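The next block holds one structure in the form of structure tokens; read it before the comments.
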Amino acid sequence: IPSFAMKFLSCALVALSVAACLPAYSEAFSVAPSSRVSSSTASAFVSRSSASSPRFATMAPIGAPPALSMSYSVGIVGATGAVGMEIRQCLEKRDFPVEKLRIFGSERSAGTKVETDKYGTVDVELFSVDAARECDVVFLAVSGEFALEHAKAITDGDGGAVVIDNSSAFRYDKDIPLVVPEINGQCTKEGKLIANPNCTTAIGLMAIWPLLKAFGMKRIIMSTYQAASGAGQPGMDELKDGTKVWLEGGDPVNKIFAHPLPFNVIPQIDKFMENGYTKEEMKVTWETRKICDLPDDFPVSCTAVRIPTIRAHSEVIIVETVKPVDLEVARKVLDEQPGLKLVDDPETLSYPMPLTATGQFDVEVGRVRKSLVFGDHGLEFFVSGDQLLRGAALNAVLVAEEMVNNGALEEMTKKVAA
């Protein structure tokens, strides 16, 4: 095939990805987790985190609106950024009971106006802790440094607001709940500061969790294929600009990624650690254990790869199970899991892809099959999910919805009113 034809085909593929482009956020660096008490065996998880446990109560389907018992004053810090804008849109699309929406920003954005579909024109206020404390719930869509400086001050005392933090600042603090509502939503009753997980973890756990409940697990092995949008708008711009340069016969320049990303894959996301894993990979290990209440020595291994797509992360997941696997049962529990869409029909070439997962609330799961390595005690499957939604904005809004449905937000608001 002539080289010009190959480049034409490559350009067409990139154009399809770019067409799905939406603003995205940066994957923040995290800190090492606090040590937790370890269980002696991995199989202990079968009884430790059974569905009957109050930590793992079943929430309403992802499409259901929250139980409307009252409405709330809601604040968003960083609402003019990509994650903040998605949070606002999720609040509107999911009919969260907002009495008043307040948007906080820096000196640069304070005084500007934000047009919304349901809340009219909202003036951007200069952020202050006192102003944020006037809200019932505050979404932080800002850096970890900002969250560390201000989050606890916003929540402190009976007059403080509930804070749902999208950064990595508190994910590994043993006293701060790290929540995927469909898994451990009841943990939102434990305090007014809630941490949102890493996007890669949240997407993978949507499929892992129902299978873990059904069959138990001995180990989890994951390989991720993460879009340029994981590095924010600069990452997407570098991919698009570099692709244009490559197609014109030039050499792409890389400033955001470790190497040029166009027509390449890079097996590094975040910095390398002493054990040879990257921090992004260790985030998956740390957060999976915490969210699912697994032992500290439970085997979770991840290899994270940056790929030249615009938005939505994909993951290959292999699990060794405690109980023998029944494929029909596996597909049934995946199909019934809130927030998950089973896309698994080889005859029609239907399976999860970034192009179909982009902009969707649900994570797609497919290619479900028994593992040739682990036999009757193993499963392999593929997921794709919009990391800006499931891994950030949507998950944060679902946390707030869970707090409405389980009474935590109303109870904490009563304390404020008192």
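Conditions tested, residue by residue: (1) acidic (D, E); (2) touching a Gly at 6+ places or on another chain (Cβ under 9 Å); (3) in contact (Cβ under 8 Å) with a residue 24 or more places away in the chain.
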residue	(1), (2), (3)
V74	no, no, yes
S143	no, yes, yes
K152	no, yes, yes
V163	no, no, yes
D173	yes, no, yes
I176	no, yes, no
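Among the residues of the stretch 162-174, are any over 18 Å from T201 (Cβ atoms) and surrounded by fewer than 20 Cβ atoms within 10 Å (Cβ to Cβ)?
no
For the stretch 175-187, what are the residues that are outside any strand (DSSP E or B) and under 22 Å from M206 (Cβ atoms)? Break it down into steps so the answer makes sense when it comes.
The initial filter retains those residues of the stretch 175-187 that are outside any strand (DSSP E or B), namely 175-177, 179-187.
Within the stretch 175-187, I176, P177, V179, V180, P181, E182, I183, N184, G185, Q186, C187 qualify.
Do any helices (runs of 4 or more DSSP H) lying entirely in the stretch 188-292 carry at least 3 residues that are open to solvent by 10 Å² or more (accessible area, probe 1.4 Å) and free of Cβ contacts under 8 Å to residues at least 40 places away in the same chain, and which ones are they?
Values: elements: 199-215, 232-247, 279-291.
Output list reads 232-247.
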inquiry  = Just to be sure I understand the filter: pairs with C-beta atoms under 6 Å, separated by 6 or more residues or on different chains, first member in the stretch 327-340 and touching a residue at least 12 places away in the same chain (Cβ under 8 Å) and open to solvent by 20 Å² or more (accessible area, probe 1.4 Å), second member part of a helix (DSSP H, G or I) and of a type in the set (D, E, K, R). Which pairs pass?
reply    = P338/E182
message = Looking at the stretch 346-366, can you tell me whether even one residue there is of a type in the set (D, E), assigned to a helix (DSSP H, G or I) and at pLDDT 95 or above?
response = yes
request  = State all residues of the stretch 88-97 that are surrounded by fewer than 20 Cβ atoms within 10 Å (Cβ to Cβ) and out of contact with any Pro (no Cβ under 8 Å at 6 or more places or on another chain); if no residue qualifies, say none.
outcome  = Q89, E92, K93
query = Taking the stretch 110-135, which residues are touching a strand residue (DSSP E or B) at 6+ places or on another chain (Cβ under 9 Å), β-branched (V, I, T) and farther than 16 Å from E99 by Cβ?
reply = T112, V114, T121, V124
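Quick check on the stretch 367-406: of everything there that is part of a loop (DSSP other than H, G, I, E, B) and touching a residue at least 40 places away in the same chain (Cβ under 8 Å), which residue is most open to solvent (accessible area, probe 1.4 Å)?
It comes out as V373.
The values are calculated or read from the model by the stated rules, or taken from the named source; none is laboratory data. Just so we're clear, the structure is a prediction, and the values are computed from it rather than from any experiment. Counting neighbours? That spans all protein chains shown, and the Cβs are built from the backbone with ideal geometry, glycine included. Accessible surface areas use protein heavy atoms only, side chains included; no ligands, DNA or RNA. Shrake-Rupley method; radii C 1.70, N 1.55, O 1.52, S 1.80 Å.
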